[in-house]
Amino acid sequence: MNTVKEMPYDEKYAKVVDNMKFDEAFILPFVQKHLGDQAVAELKQLWQEGTIPIPDGASSKEKYEVAYENWIWLAKNIYPFVRKRMGEDGLKKFERAEVEGLIRKNASPALFMLKIIKAFSPGTAFGMTAKQMGYQLQWLTPFSVPELNRNRAVIDIPRCKILDFPDTEDICRIGCYSTYPMWVKEQFKVDMKCNRQGNSCTITLIPSA
């Protein structure tokens, strides 16, 4: 089994907070553009109703768990919100906006260097990308990485943390099965495939052809 450095809870907490800020930063302008100010106010009210305050003096793990539940509330409610008002075509537009937002969020000098490395050694670049993803995505759910080499990476999720919460099918089916694969293919030139069995999932990453 390949070892990927374990992310500490303080960093997991910071990642959740960062991703909530990212979600709000692209979701609210999208809703305002397509549905107007009233819809933005309704969405903010909906989010506020389900947000739990972070307890004073909480440990990093406790902060992470509460913040994670808040992120789930934010994420799981946006899909039916958009679907109800814009239909399935609206969801496709929303998904495209998220992909473009992720690409902007993750653009960096390091990515430029990775592209240079790929030009000379595609296998090395893929291995670096897969290992980095194996670390950065730990805030989402516990998993192991039983295979990681220059041509293939496998992420084994025995029980997805997202699916432990009710009404999270859209996060899985749209976010994990469609949005994230589009993003990593466009930005990192990596094909990502998810194979879900109940609440477990196997994610396979290979270099794009």
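The values are calculated or read from the model by the stated rules, or taken from the named source; none is laboratory data. Fair warning: this is a prediction, and the values are worked out from it, not measured in the lab. Because the Cβ atoms are built from the backbone with ideal geometry, glycine has one as well, and the counts that use them run over all protein chains shown. Areas reflect the complete protein model, heavy atoms only, side chains present, ligands, DNA and RNA absent. Shrake-Rupley method; radii C 1.70, N 1.55, O 1.52, S 1.80 Å.
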Using only Cα atoms and rounding to the nearest 10 degrees, what angle (0 to 90) does helix 109-120 make with the longest principal axis of the chain?
30
Neighbour cut-off at most 15 other Cβ (10 Å), DSSP loop, GluC sites (Glu not before Pro), segment 2-62
GLU6
Considering the alpha-carbon set of the chain alone, what are its Rg and its Dmax in angstrom?
17.7, 52
Cα principal axis extents for segment 144-192, largest first, Å:
37, 25, 10
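If you build the convex hull over the alpha carbons only and average its shadow over all orientations, what do you get for segment 1-63? Give it in nm² to one decimal. Don't skip to the answer; put the middle values down first.
Numbers: hull surface 25.9 nm².
Convex hull of Cα atoms, orientation-averaged projection: 6.5 nm².
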Helix-only CD estimate at 222 nm, as mean residue ellipticity for the chain, using -39500 (n - 2.57) per DSSP H run (n ≥ 4):
-20500 deg cm²/dmol
Per residue accessible area of the chain, 1.4 Å probe, in Å²:
54
